[in-house]
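Below is one structure; the comments refer to it alone.
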Amino acid sequence: MPENAPHHKMDIEQRLHKVIERVRAAELAYGREPGSVQILPVSKTRPVEDILSIVSLGLPGVGDAFAESYLQEAQAKIAQLGHLSLTWHFIGPIQSNKTAAIARLFQWVHSVDRLRVARRLSEQRPPELGPLNVCLQVNISNEVSKSGVGYLDLPELVQQVAELPGLRLRGLMAIPAAETDWHKQRAAFATLREAFEFTKATQNRLDEDWDTLSMGMSADLEAAIAEGATIVRIGSALFGPRMSQPGH
Ligand SMILES: *Cc1c(COP(=O)(O)O)cnc(C)c1O
């Protein structure tokens with residue numbers, strides 16, 4: 001519906017300003033440094049026009065990075081937007097046979113949860129692009145998600161991934177079960193923060209690269225920021241209600 005496009009663009013702009021206000025308010029409320037939380041727009045299932053709506057605003061710190069969950073869909077968008085110097089984050093489940101393309105097209109991968117995938121990403125990362133930034137996805141609510149490394153296996157995976165030359169291990173990511181209760185939201189994020197801090201304290205191979213807690217989405221970004229999120233991944237609060245996912 002092209003006749004709706006200008007309205008849609010204005011909607012995205014208004015929503016973005018709301019999200020920025022929410023993030024700034026949460027930073028202030030929970031003693032976080034202003035501007036220390038990155039808003040990462042999740043553009044999965046959204047057309048390139050929606051991405052351009054954000055890019056064209058030229059706001060500092062938002063609009064130069066986008067996250068995608070499905071490789072095929074992302075490949076098309078990244079190709080179309082190749083003239084812009086955007087940073088792409090992969091946040092979806094990773095099949096082993098997709099690692100070569102992911103390692104070539106993305107600068108960040110948040111969803112590494114097993115050694116086999118990490119090794120392939122490291123080996124397949126084109127050297128001229130420099131190491132691929134990765135977060136390990138942790139499964140903090142076992143019942144809802146099959147993705148993510150369990151807590152007990154996390155220390156070993158950290159140790160192994162930290163050794164891989166093609167990767168730069170940045171921190172942890174999680175997608176907790178959807179919760180409307182503030183305290184339950186915070187409790188889930190607190191668990192990830194504790195794992196992050198424990199890892200930092202106990203793994204002497206990690207240096208200042210270990211700086212990223214990717215947690216919080218549209219419905220729970222305040223709780224995530226209260227617990228130390230450095231990247232919040234925002235889809236529907238920016239682009240409108242989730243659309244169906246064609247082909248997925
Ligand atoms: C879709 C998605 C998001 C964004 O979720 P919203 O609730 O729409 O903000 C964040 N993280 C991951 C991993 C996603 O797949």
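The values are calculated or read from the model by the stated rules, or taken from the named source; none is laboratory data. A quick note: this is a predicted structure, and the numbers were derived from the prediction, not measured. Glycine gets a Cβ as well: all are built from the backbone with ideal geometry, and neighbour counts include every protein chain shown. Calculation scope for accessible area: heavy atoms of the full protein, side chains included, ligands and nucleic acids excluded. Shrake-Rupley method; radii C 1.70, N 1.55, O 1.52, S 1.80 Å.
Annotations for the structure displayed:
- Top-ranked residue of segment 59-94 - restricted to ones that are closer than 21 Å to residue 11 by Cα and open to solvent by 60 Å² or more (accessible area, probe 1.4 Å), ranked as farthest from the ligand (Cβ to nearest atom): 60
- Against the test of being open to solvent by 50 Å² or more (accessible area, probe 1.4 Å), under 29 Å from residue 27 (Cβ atoms) and touching a residue at least 12 places away in the same chain (Cβ under 8 Å), the options 210, 182 yield a single qualifying residue, 182.
- Condition met for residue 240 (away from the ligand (no atom under 13 Å from the Cβ), farther than 19 Å from residue 138 by Cα and either at pLDDT 95 or above or not aliphatic (A, V, I, L, M) (or both)): no
- Some residue of segment 194-209 being within 27 Å of residue 103 (Cα to Cα) and within 16 Å of the ligand (Cβ to nearest atom): no
- Residue in segment 214-225 that is more than 11 Å from the ligand (Cβ to nearest atom), surrounded by fewer than 23 Cβ atoms within 10 Å (Cβ to Cβ) and closer than 19 Å to residue 32 by Cβ present: yes
- Residues located in segment 108-124, provided they are outside any strand (DSSP E or B) and open to solvent by 20 Å² or more (accessible area, probe 1.4 Å): 113, 114, 115, 116, 119, 120, 123, 124
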